[in-house]
Amino acid sequence: MRKDLKEKMRTLNPQSGFTLLEVLVAFVILASSLGIIYQLTLTGGLRTRQSTDEILALLVAKNRLQEPLGPNWRYKEGQEGKFKWTVNKAPYNNDNPLNRRNLVKLWKIDVTVSWQAFTHKKSINLSTLRPEK
């Protein structure tokens, strides 16, 4: 058994191993793979942040649309965190000839929520009609 081991040790080339070219090619493949994985992770994080901002902006806009209509205002503005919002209230004129009676006075409510994204400004607009109480 020891004789077999000694024979195998003698037959191995003492200079066996990877060449410099093989090591460089493996390093280039590894570096490229790591770069791609990093880019994918970074892009996924940015998309998640953008989606979160849009959802939060929609929540701010929805909350503003659900506020009670006061009789003495036509325009409001404010800020919640990084989101700036404006609310415009205007009478809605229904010129439809089928609805001549206009039994209910309607108000058009426009809400705009804006915020600063990474390199540019983004905004969301929502509109609704609400009856006067």
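The values are calculated or read from the model by the stated rules, or taken from the named source; none is laboratory data. The shown structure was predicted, so the numbers you read here are calculated from the model rather than taken from an experiment. Backbone-built Cβ (ideal geometry, glycine too); neighbour counts: all protein chains shown.
Couple of notes before you dig in:
- Of the candidates Leu42, Leu46, Leu103, the single residue that is at pLDDT below 90 and in a loop (DSSP other than H, G, I, E, B) is Leu103.
- The residue that is modelled with the lowest pLDDT, counting only those in the range 76-87 that are in contact with a helix residue (DSSP H, G or I) (Cβ under 6 Å, 6 or more places away or on another chain) and not aliphatic (A, V, I, L, M), is Glu80.
- Between Thr52, Thr48, the distinction of being farther than 19 Å from Ser123 by Cβ, out of contact with any Ser or Thr (no Cβ under 7 Å at 6 or more places or on another chain) and free of Cβ contacts under 8 Å to residues at least 12 places away in the same chain belongs to Thr48 only.
Results for (1) part of a helix (DSSP H, G or I); (2) modelled with pLDDT under 85; (3) not β-branched (Val, Ile, Thr), shown as yes or no for each residue.
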site: Ile55; (1), (2), (3): yes, no, no
site: Lys89; (1), (2), (3): no, no, yes
site: Asn93; (1), (2), (3): no, yes, yes
site: Asp110; (1), (2), (3): no, no, yes
site: Ser127; (1), (2), (3): no, no, yes
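- Of the criteria (1) over 14 Å from Asp110 (Cα atoms); (2) in contact (Cβ under 8 Å) with a residue 60 or more places away in the chain, which one Leu65 fails: (1)
- Every residue from the range 34-91 that is more than 22 Å from Glu132 (Cα to Cα) and of a type in the set (D, E, K, R): Arg47, Arg49, Asp53, Glu54, Glu80, Lys82, Lys84
- Matching residues, the range 58-75, being of a type in the set (D, E, K, R) and modelled with pLDDT under 90: Glu67, Arg74
- Cβ separations smaller than 9 Å between residues 6+ apart or across chains give the following pairs from the range 120-133 residues that are more than 14 Å from Lys82 (Cβ to Cβ) to residues that are surrounded by 12 or more Cβ atoms within 10 Å (Cβ to Cβ) and of a type in the set (S, T, N, Q): Asn125/Thr112; Leu126/Thr112.
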